[in-house]
Amino acid sequence: MTSIDVHGLTKDYGATRAVDQLTFSVRPGRVTGFLGPNGAGKSTTMRLVLGLDRPTAGSATLGGVPYASLENPLRRVGVLLDAQAAHGSRTARDHLLALAVSNGIAGTRADEVLEDTGLAAVARRRIKTFSLGMRQRLGIAAALLGEPDVVMLDEPSNGLDPEGIIWIRELMRRMAREGRTVLVSSHLMNETSSFADHLIVLGRGRLLADLSMQEFLDSRTRPGVRFRTTEAARLREALIRRGFLSVQEEDGRWTVDGATTEEVGAAAAVSGIPLLELTELRTTLEEAYLALTTDEAQFAAVSSPTAHQEA
Ligand SMILES: Nc1ncnc2c1ncn2[C@@H]1O[C@H](COP(=O)(O)OP(=O)(O)OP(=O)(O)O)[C@@H](O)[C@H]1O
C-alpha cells in the first residue's frame with residue numbers, strides 16, 4: 001500500500017513562506033484529517049504532493065515516487081481539489097468517460113462511480129446545471145474513478161446536504177478499512193472528529209501536530225467530571241473532604257477538577273446522595289484545535305519581530 005511522504009517540504013511565493021520545512025507521512029488504512037487555520041499551507045502542501053507546484057526545497061512522494069513519475073496517476077491517486085474544475089457544457093457521464101478513456105480506465109467505471117456517488121439519475125445532465133453539492137459529488141466520483149490507493153480530498157463536504165455529509169463520512173471510513181491512504185482537509189471540527197483516526201495540523205506553514213485523534217484529545221484534556229444532584233452542597237463537602245478542592249457550579253451542573261466518575265460516584269454512594277447525571281469531561285476536537293492554534297498565534301505575535309529580522 002502507498003503512503004504519502006513529505007520531507008523538509010518548503011514553498012516560498014515571493015516573500016511569503018507558504019510551507020515551511022514540513023516532514024510527515026500519511027499512512028494507509030486510516031483517515032488522516034488535515035487541519036490548520038486559513039492560509040496555514042494545506043492546499044499548497046496538497047498541490048506540492050500532486051506536482052502542481054514545484055517545492056522551493058524538500059520532497060513529496062507517493063509510495064516513494066514523485067507524483068510526476070507515477071505511470072497511471074489517476075489509478076494511483078484520487079484527488080478532489082476544486083469541484084468547479086469540470087467543463088460545464090459536458091454531461092456528468094461524458095466528463096467521467098473522457099477522464100476514464102484518457103487514463104486507461106474501463107468506461108464501465110464511469111457508471112459505477114455515478115451510482116456510488118448518487119448521481120446516476122442526473123448522469124446525462126450538463127454539469128453547468130448542477131448545484132454545488134452535485135458538483136462536489138461529481139468531483140468525488142472523478143477521484144474514485146481509478147480505484148486509487150491514495151485519496152486526497154480538500155473540504156469534501158463543501159455544499160453537501162446532511163445526508164451527503166453522512167455518505168462522505170462513511171465513504172472515507174470504508175476506503176480506510178479497505179487499506180487506502182485517505183487525507184482529508186476540513187474546517188469543520190465536529191465533522192473531522194467523526195471520520196478521522198489521525199490528525200496533521202499546520203500553522204503558518206509549519207507542522208504543529210502529527211498524532212492520533214485520541215492522543216490529540218487526551219493531550220488537551222484535563223481530567224474532570226460533571227454531575228447533577230439534588231444535594232449539591234452535601235456532595236461538594238464530601239468531595240472537598242476527599243481532597244477535590246475545585247468543585248464549581250455552572251447552570252445547575254457541577255464540575256470537579258481532577259476527579260474520575262468512579263471517585264465522584266463512590267463519594268455520592270457513601271453519603272447516600274442521589275446523582276442525576278455523572279459524566280467524564282471530554283475535550284472536543286474543536287476545543288483542542290483552538291487551544292493549539294491559539295497558542296501558536298500567541299507565540300507568533302510574541303516572536304514576530306524576530307521573524308521579520310530573519311526574513
Ligand atoms: N499561488 C500563490 N501565490 C502567492 N501566494 C500563495 C499562492 N498560493 C498560496 N499562497 C499563500 O500561501 C499561504 C498558504 O496558503 P494555502 O492556500 O496553502 O493555505 P490553506 O491552509 O490551504 O488555507 P485555507 O484554509 O484558507 O484554504 C497563504 O499565505 C497564501 O496567501
Item to check | Cβ-Cβ FRET estimate between residue 284 and residue 23, R0 fixed at 30 Å, reported to 0.05 | outcome: 0.60
Checklist entry - So what is the relative contact order of the chain, in percent, for Cα pairs below 8 Å that sit 6 or more residues apart? => result 20 percent
Checklist entry - So for segment 222-280, what are the equivalent ellipsoid semi-axes in whole Å, largest first, each being the square root of 5 times an eigenvalue of the Cα gyration tensor? => result 14, 13, 11
Checklist outcome for this item: Highest GNM mean-square fluctuation among 140, 127, 200, for the chain with Cα springs under 10 Å, belongs to 127
Checklist outcome for this item: With a Förster distance of 35 angstrom and the Cβ-Cβ distance between residue 16 and residue 147, calculated FRET efficiency to the nearest 0.05 equals 0.40
Item to check | Label point distance in nm, residue 255-residue 56, each placed 7 Å from Cα along Cα→Cβ | outcome: 4.1 nm
Checklist outcome for this item: PRE zone check, label point 7 Å out along Cα-to-Cβ of residue 75, amide N under 13 Å, scope segment 85-126, hits 100-107
Next on the checklist: Given a Förster distance of 41 Å, report the FRET efficiency between residue 65 and residue 112 from their Cβ-Cβ distance, rounded to the nearest 0.05.
Outcome noted: 0.90
Item to check | Contour minus Cα-Cα distance for residue 102 and residue 166 (0.36 nm per residue) | outcome: 19.9 nm
Next on the checklist: From the helices alone, meaning DSSP H stretches of at least four residues, give me the mean residue ellipticity at 222 nm for the chain, per-run term -39500 (n - 2.57), in deg cm²/dmol to the nearest 500.
Outcome noted: -12000 deg cm²/dmol
Checklist entry - Put a dot 7 Å past each Cα toward the Cβ at residue 273 and residue 291; how far apart are the dots in nm? => result 2.6 nm
Item to check | Net lengthening on full extension, residue 194/residue 120 (0.36 nm per residue, minus Cα-Cα) | outcome: 23.9 nm
Item to check | Where labels lie 7 Å past Cα in the beta-carbon direction, separation of residue 233 and residue 90 in nm | outcome: 7.5 nm
Checklist entry - Where both residues lie in the chain, what percent of DSSP beta bridges are antiparallel, nearest 5? => result 65 percent
Checklist outcome for this item: Using eta = 1.567 mPa s and T = 4 °C, Stokes-Einstein with Kirkwood Rh from Cα pairs puts D for segment 1-41, in µm² s⁻¹, at 110 µm²/s
Checklist entry - Of 87, 187, how do they rank once you tally other Cβ atoms within 10 Å and put the fewest first? => result 87, 187
Next on the checklist: Given Cβ point charges of +1 (Lys, Arg) and -1 (Asp, Glu) and nothing else, what value in debye, to the nearest 20, does the dipole of the chain about its Cα centre take?
Outcome noted: 780 debye
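Where a number appears in this text, it was derived from the coordinates with a stated rule and is not lab data. Computed from a predicted model, the values in this text were never measured in an experiment. With ideal geometry, Cβ positions are generated from the backbone for all residues, glycine too; neighbour counts draw on all protein chains shown.
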